[in-house]
Amino acid sequence: MKIAGITDIGLSRRSNQDAFKVGRLGNDAAYTVVCDGMGGANGGQIASQTAVEVIERQITQGFRGDMSGRSVKNMLTSAIQAANASVYDRAKKDPSLEGMGTTAVVCLVLNGAAHIAHAGDSRAYLIAGGECTQLTRDHSMVQQLLECGEITQEQAKSHPRKHIITRAVGVNEILQVDYGETPVYSPGAVVSCSDGLSNYIEPQELLKIHGAPENDHDLDEYVSALVDLAKQRGGADNITAAVIEY
């Protein structure tokens, strides 16, 4: 397995409120964590950094190579919920951080499956078999409007409430975390990203820039190319991408 990640402040923000972690767990497992913070001058940055650190610690301490799918689900959802408690408690102790929060999307590839847990609108995509498929469902107002048939896919791309999310780590004491498990077959890749990337790049472009999965890739160049393209198209938000190739 290969892993890579990158985060960039983008072209308009004064600070980078995104954060990420990538890592291997032995020879046969790898994980990525992407968080996109929100709240105040530095609240979003604190929220996202706190979340990725808590989630990574929970994964590295809880992982076993013989874990069942159910055990992986419990580990990943518990990791995000632990991050929720840490961010929420910190905000309660410091009035200047009130209301801070962050998205979180966590991917673990293990034993022929991609395990994804998430809250918010950061996404995970599967690149395999000449296709790129979104593995997560946005927790956002625009997604709700889309599912109710009130707006079209094209309208969703530029909707004025596009930035409003309906779930976030650390905002409320209790957080519902979504989880999914997808079989994966080599060669392929899972790309996780903040909306600073997905707002500017279509899934098929993730596939096209990556190229054929059987080709040898420099993943650092791949994630850098994604950031460069997002910035060429405006790059108004922080931009983060993390990838596992197997």
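Computed from the coordinates by the stated procedures, all read-outs in this text should not be read as laboratory data. Since we're looking at a predicted model, the values are computed, not measured. Here Cβ is always computed from backbone atoms with ideal geometry, including for glycine, and neighbour counts include all displayed protein chains.
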Could you give me D for segment 114-172, from Stokes-Einstein at 25 °C and 0.890 mPa s, where the hydrodynamic radius is the Kirkwood radius over C-alpha pairs? Units µm² s⁻¹, please. 192
Obtain the radius of gyration and the Kirkwood radius of segment 171-246 from its C-alpha atoms and give Rg over Rh. 1.04
Roughly how large, in nm² to one decimal, is the mean projection of the convex hull of the alpha-carbon atoms in segment 127-229? 8.2
To the nearest whole percent, what portion of all C-alpha pairs in segment 1-147 is separated by more than 23 angstrom? 38
Counting only residues 5 or more places away or on other chains, whose amide H sits under 5 Å from the amide H of M100 once H atoms are built in the peptide plane? none
Relative packing of 130-142, 228-240, 98-110, 191-203, which averages over residues the other C-beta atoms within 10 Å, highest first: 98-110, 191-203, 228-240, 130-142
With springs only between Cα atoms under 10 Å apart, run a GNM on the chain and tell me which of S122, S78, S186 wobbles the most. S186
Enumerate the amide H contacts of R167 below 5 Å, restricted to partners 5 or more residues apart or on another chain; note that Pro and chain-start residues carry no placed amide H. G120
Residue with peak Gaussian network fluctuation, the chain [Cα springs, cutoff 10 Å], from E150, E214, E53: E150
Could you pull out every residue, at least 5 positions away or on a different chain, whose amide H is within less than 5 Å of the one on A114? Hs are placed 1.01 Å off N in the peptide plane, and Pro or chain starts have none. T182, V184
